[in-house]
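Encoded as structure tokens, the structure appears first; notes follow it.
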Amino acid sequence: MKNTLLLSFLFLAFGSFSQTAQSVLDKINKKYAEIKDYTVDAKVTADIPMIKILPSNVKIYFKQKDKFKIESKGIVILPKQGFTELNNFLANKSKYTAVFGDSLVIRTVQTRLINIIPNESNGEIILAKIWVDQENMVIMRSQITTQTNGTVKIDYTYGDQLKKGLPSVMKFEIDVKKFKMPKSVASDINKSSKDPKKEKEKKRTKGTITITLSNYKVNTGLSDAVFKEKKK
């Protein structure tokens, strides 16, 4: 009986470790490829030093492989790193080498780090790290270092779209000095002030953007016309 239990344990252990980092990414990529298009409502809130931006409600449209559109009545800071940039990069296996790292518990979920090392040095992504929930094959956290926006960390929370790999909340942590802001708000960061509170705020180097997503409509057959800019 003891030998049977030992063999069962060794079989399970061998099975879990026999997966390569790339085979895990292949499963995530397969799930992502099944999402041909979606529309979703999003509430965007930003906490960025020296910038006052009210929460805004937007609608996001996506269609494979890189069509992406935001409808909003106001100013929205919405990083693309967590929506299209990372997924498109991971889909092309010739562009990178994937290597397992340590395990980490994120919000009670056991995850495994995968380091994504680009094979070329002149691309937009310099280095990416993703922490994967291997039971559900979803990304729980990513940390992407790019040429133009510095390092962006993203935490993903999932709800009723877990099986499809679509998050319900995305929280971005950005490097304020390196992240590209809309021109209409970028100048506010550099304004000087004699107010001690504002001077202290100005010294903050990190900002957060939280996106709460709801009312997903998936694989409805979005037309390409949705993504064409309207003539003024």
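Descriptive notes on the structure:
- Dipole check for the stretch 19-222: with +1 at the C-beta of Lys and Arg, -1 at the C-beta of Asp and Glu, and the Cα centre as origin, the magnitude is about 560 Debye.
- The modelled label-to-label distance for the pair Lys65/Asn119, using points 7 Å beyond Cα in the direction of Cβ, is 1.4 nm.
- Amide H contacts of Val138 (H built 1.01 Å from N, under 5 Å, at least 5 apart or other chain): Asp133
- Legend: calculated FRET efficiency, Lys217 to Lys73, from the Cβ-Cβ distance at R0 = 22 Å, rounded to 0.05, equals 0.60.
- Model label sites at Thr20 and Lys177, defined 7 Å from Cα along the beta-carbon direction, differ in position by 4.0 nm.
- Cβ-defined net charge surrounding Val169, 12 Å radius [Lys, Arg +1; Asp, Glu -1]: +2
- Filter on Lys43/Lys95; Lys59/Lys206; Lys63/Lys164; Lys73/Lys177; Lys31/Lys228; Lys27/Lys206 - keep pairs with C-alpha separation over 23 Å: Lys43/Lys95; Lys59/Lys206; Lys73/Lys177; Lys31/Lys228; Lys27/Lys206
- Given charges at Cβ of Lys, Arg, Asp, Glu: the stretch 64-159 dipole, positive-most of Tyr156, Pro118, Ile77: Ile77
- Across all C-alpha atoms in the stretch 19-222, the radius of gyration and Dmax reach 17.6, 57 Å.
- Neighbourhood charge, 11 Å Cβ-Cβ cut-off, centred on Lys31 and excluding it, Lys, Arg +1 and Asp, Glu -1: +2
Every read-out reported here was derived from the displayed coordinates using simple, explicitly stated rules and does not represent laboratory data. Here the structure is a predicted model, which is why all the values come from computation and not from measurement. Neighbour counts run over all protein chains shown; Cβ positions are idealised from the backbone, glycine included.
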